[in-house]
Amino acid sequence: MAAVAEIPADANKMDSKPKAESEFSVQKLVDMFTKLNPLAKEFFPSSYSPNHDHGFQGFNQLSPTQFLVSTKPSANENFLNSRRRRNSFNQGRRRVSGRSLKAQREDSIRRTVYVSEIDQHVTDERLAALFSSCGQVIDCRICGDPHSVLRFAFVEFADEYGARTALNLGGTVLGYYPVRVLPSKTAILPVNPTFLPRSDDEREMCARTIYCTNIDKKVSQAEVKNFFESACGEVMRLRLLGDQVHSTRIAFVEFAMAESAIIALNCSGMLLGTQPIRVSPSKTPVRPRVPRPASH
């Protein structure tokens, strides 16, 4: 007879115990999931908005085949895409604008010469007159410490030929010293266009206006006006400017007559207070001050 193995009674108890525990654990998970709120914000992606798709309200009634994400972009997504395209276009336009500005600056540098060892009594007009034999001078700026015997300048021409020709003037005596002329490594900083004349009337005002620098800080506006009126003619407007950083101040002086402004150019180097002033034609008019609206 075949032997029949006896199964202990305890074995049946051991098998039923893990099964009961497993069923209890699954039931516990089911109970936990049924208590969750499917509309809680942590169940939704960050791109979802309340106006995006109201189909989520029936989330727990949808079958797996029905729960499909719509591929049609929302109004918000269209706005974001349009904004990205617009930003990309603006960035490209800025890159083109930047390259254009760089090319203009490099062209300006090629048309500019650097002049050093300039006598302190030499004016912008006198320096420009020297270089006008080389070509059309469109800008001339004398720079440097007003207390120094020698200064430097930048002279910009209308074309590169004028700048190359100007290099031959190195060694020319201007005032008491021979000047040195070299190719410039920088361009002349342009005048703020908002300050430039906007009409024929303002251009006529510029013809009657001078730009005065190196004015002693102790000199008052009335003293500057009296100085130019006694030497040149009637002053219509005067704007005296300065700050706490610079040791001297500047002024724009508008005369009643253009002839007075021409005479004022000869005052360059004369003492006003304790400092020799420098006078040159103004590129900007003296506009009347606009009264500020009263604050309430």
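If we scan the range 181-199, do we find a residue that is surrounded by 12 or more Cβ atoms within 10 Å (Cβ to Cβ), at pLDDT below 90 and more than 28 Å from the chain's Cα centre (by Cα)?
Among the residues of the range 181-199, not one is surrounded by 12 or more Cβ atoms within 10 Å (Cβ to Cβ), at pLDDT below 90 and more than 28 Å from the chain's Cα centre (by Cα), which makes the answer no.
Going by the conditions given, is residue 164 under 11 Å from residue 112 (Cα atoms), more than 26 Å from the chain's Cα centre (by Cα) and at pLDDT 90 or above? Before the answer, list the steps.
On the way: under 11 Å from residue 112 (Cα atoms): yes; more than 26 Å from the chain's Cα centre (by Cα): yes; at pLDDT 90 or above: yes.
Answer is yes for this residue.
Residues of the range 261-296 being under 18 Å from residue 216 (Cβ atoms), modelled with pLDDT under 85 and open to solvent by 50 Å² or more (accessible area, probe 1.4 Å), which ones?
If the condition is that a residue be under 18 Å from residue 216 (Cβ atoms), modelled with pLDDT under 85 and open to solvent by 50 Å² or more (accessible area, probe 1.4 Å), then 278 is the only one that fits.
Taking residue 258 as the residue in question, decide whether it is surrounded by fewer than 19 Cβ atoms within 10 Å (Cβ to Cβ), more than 29 Å from residue 150 (Cα to Cα) and at pLDDT below 90.
yes
Counting just the residues of the range 232-255 that are outside any strand (DSSP E or B) and under 35 Å from the mean Cα position of the chain (by Cα), which one comes out modelled with the lowest pLDDT? Quick ask: steps written out before the conclusion?
Start the filter on the range 232-255 by keeping residues that are outside any strand (DSSP E or B), which leaves 232-234, 242-247.
Among the residues that remain, those that are also under 35 Å from the mean Cα position of the chain (by Cα) are: 242-247.
On the way: 242: 86, 243: 80, 244: 73, 245: 77, 246: 79, 247: 84.
This residue is 244.
Contact list please: Cβ distance under 8 Å, first residue in the range 129-140 and on the phi > 0 side of the Ramachandran plot and at pLDDT 90 or above, second residue open to solvent by less than 70 Å² (accessible area, probe 1.4 Å) and part of a helix (DSSP H, G or I), pairs at least six apart or on different chains.
135/162; 135/163; 135/165; 135/166
Can you pull out every residue in the range 253-273 that is of a type in the set (Gly, Ala, Ser) and within 16 Å of residue 209 (Cβ to Cβ)?
The initial filter retains those residues of the range 253-273 that are of a type in the set (Gly, Ala, Ser), namely 256, 258, 260-261, 264, 268-269, 273.
Passing the criteria: 256, 258, 260, 261, 264, 268.
The values are calculated or read from the model by the stated rules, or taken from the named source; none is laboratory data. Quick caveat: nothing in here was measured; it's all calculated off a predicted structure. Here the Cβ is made from the backbone with ideal geometry for all residues, glycine too, and neighbour counts use every protein chain on show. Note: areas computed on protein heavy atoms with side chains; ligands, DNA, RNA excluded. Shrake-Rupley method; radii C 1.70, N 1.55, O 1.52, S 1.80 Å.
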